[in-house]
1. Being under 24 Å from residue 289 (Cα atoms) and among the polar types (S, T, N, Q) is the filter; apply it to the range 306-331 and report the residue that is nearest to the chain's Cα centre (by Cα).
2. Which ones in the range 69-109 are under 20 Å from residue 224 (Cα atoms) and either in the same structural domain as residue 241 (by TED's automatic domain parsing) or more than 20 Å from the chain's Cα centre (by Cα) (or both)?
3. Looking at the range 325-339, which of the residues that are part of a helix (DSSP H, G or I) and out of contact with any helix residue (DSSP H, G or I) (no Cβ under 8 Å at 6 or more places or on another chain) is farthest from residue 283 (Cα to Cα)?
4. Restricting the range 395-418 to residues that are of a type in the set (Gly, Ala, Ser) and either more than 22 Å from the chain's Cα centre (by Cα) or outside the structural domain of residue 344 (by TED's automatic domain parsing) (or both), which is farthest from residue 272 (Cα to Cα)?
5. Filter the range 237-293 for residues that are in contact with a Pro (Cβ under 7 Å, 6 or more places away or on another chain) and surrounded by fewer than 21 Cβ atoms within 10 Å (Cβ to Cβ) and give the result.
6. Given 216, 224, which one is assigned to a helix (DSSP H, G or I) and either surrounded by fewer than 16 Cβ atoms within 10 Å (Cβ to Cβ) or among the aromatic types (Phe, Trp, Tyr) (or both)?
7. So is residue 294 under 13 Å from the mean Cα position of the chain (by Cα) and under 29 Å from residue 177 (Cβ atoms) or not?
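The values are calculated or read from the model by the stated rules, or taken from the named source; none is laboratory data. Owing to the predicted nature of the structure, the values given are computational and were not obtained by experimental measurement. Quick reminder, even Gly has a Cβ in these numbers, built from the backbone with ideal geometry, and neighbours come from all protein chains shown.
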Amino acid sequence: MPAEVVIAHYRVRLMADLGPDANDEREARNLRPRLGLLRGTTLVAIALAGAQVAAYLVNIVSARALGPDQFGILSAMLGLILIGNVVALALQAVIARLIVHDRSGAPSTAGKGLRFAAIAGLAVMGAAVILMPFLGWFLQLNGLWPLVWVAVTLVPLTIIGAELGIAQGSEAFSRLAGIYLAVGLGRGIGGVAGALVGQSATAVLIGIACGTLVGAGVGRVSIAPLIGNVSGRLLELLRPVGHATHALLALFLLTNIDVVYARAILTPQQAGDYGVGAILAKIAFWLPQFVGIIAFPRFVDARRQQAVTLTLASVAGIGAVVVVATAVAPNQVVAAVGGSQYESLASIAWIFALIGALMAVAQALLLTRIAVDDRRAVIAIWVALATLTGLAFWVVPANVAGLAVAVVLAASLLCVAGLIYAVVERRQGMAPLNNGPTI
């Protein structure tokens, strides 16, 4: 009897003797990655929720402690921080992509990304300093101290973007959740303390800066085991980070420009109503963020097609739940978001929920393109922004509902374009990775 037959015979006998235990072991091995992903998703979702609650607390406490004038300054400064944070988001996406692309070189990529982030943070701060005189005049500030602390905050924020990218690309979701929570709580506690103690916009910004710095320190300790010796030139990161920043900045403009247009097109009362509706849209936009964060590493490798399908279905599903809930109980939703004085929004509240849901899908689609360094995706965003501008100023009625419908149409156009491209990619069996720049 040949040796191969003998080996096969005893292998069958062994499996038969082991019986269901062997099958259970195989099932357990297959189940572990799924349980790990579920655990990571839960941790990141909880951490992001905690960070958002902390951010809302800063706004709620500051609105009561500062008064209208100082709170208006704080709101403007927080908006500037959001704009400056786009570089950090781009760094996070690029570093995560490169780590997934080359697992063997991940420690070196992590070290390089962290060094690049420190330089980028200083560059962003420098740009903010250069713009200070103009921003102080444009925002009608009595002094530049609020802008000084905005510039200071952007340095640790940019470094945090690299830390998040290292944890995300390594799929170290416990570390990723810990960084999100540390940064969120640090900024929240610092901001609330500044509001209660200093009772000025500058004091709140000092607290936020200190809390952000603490969060960056916690993140650095958390990712320390993932960092190795650096090899290669730091400038190799400049181009991919620049392209990702461009794409994310374009999406940021699309998701926020409607509030600016409301001030330009609508009456002051209508603009205030629209601002409350925009808060509802932001809630629907941010709720499914954790899905794309967890799935992003899977967009880069052979898991791409399944990950894209599941991510889009999940984000759309969460958005649909928010839209339906808003349509079923509009008065309660509007009262919770803005108060009873905005009850006139109840009839169109679901439209704002739809805006947020569509923008969330658009962001998920953009992440799937950034994951493969597709630099053409930004074109669709600029087309959608141009469409929104044309509709808002020359087509739809100049009221709250008209502007909201214009945003829905522009977001729908962007989502349809992205979905068509995703379907074509899937049917043609395109490679999960392109030949873009690597490290």
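1. Looking at residues that are under 24 Å from residue 289 (Cα atoms) and among the polar types (S, T, N, Q), I get 311.
2. 102, 103, 104, 105, 106, 107, 108, 109
3. Restricting to residues being part of a helix (DSSP H, G or I) and out of contact with any helix residue (DSSP H, G or I) (no Cβ under 8 Å at 6 or more places or on another chain), the top hit is 328.
4. Per the criteria, the residue is 406.
5. 239 - this is the single residue of the range 237-293 that is in contact with a Pro (Cβ under 7 Å, 6 or more places away or on another chain) and surrounded by fewer than 21 Cβ atoms within 10 Å (Cβ to Cβ).
6. When all the criteria are applied, what remains is 224.
7. When the stated conditions are applied, residue 294 passes them.
Per-residue answers, yes or no, for (1) surrounded by fewer than 22 Cβ atoms within 10 Å (Cβ to Cβ); (2) modelled with pLDDT under 90:
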position	(1), (2)
328	yes, no
352	no, no
428	yes, yes
434	yes, yes
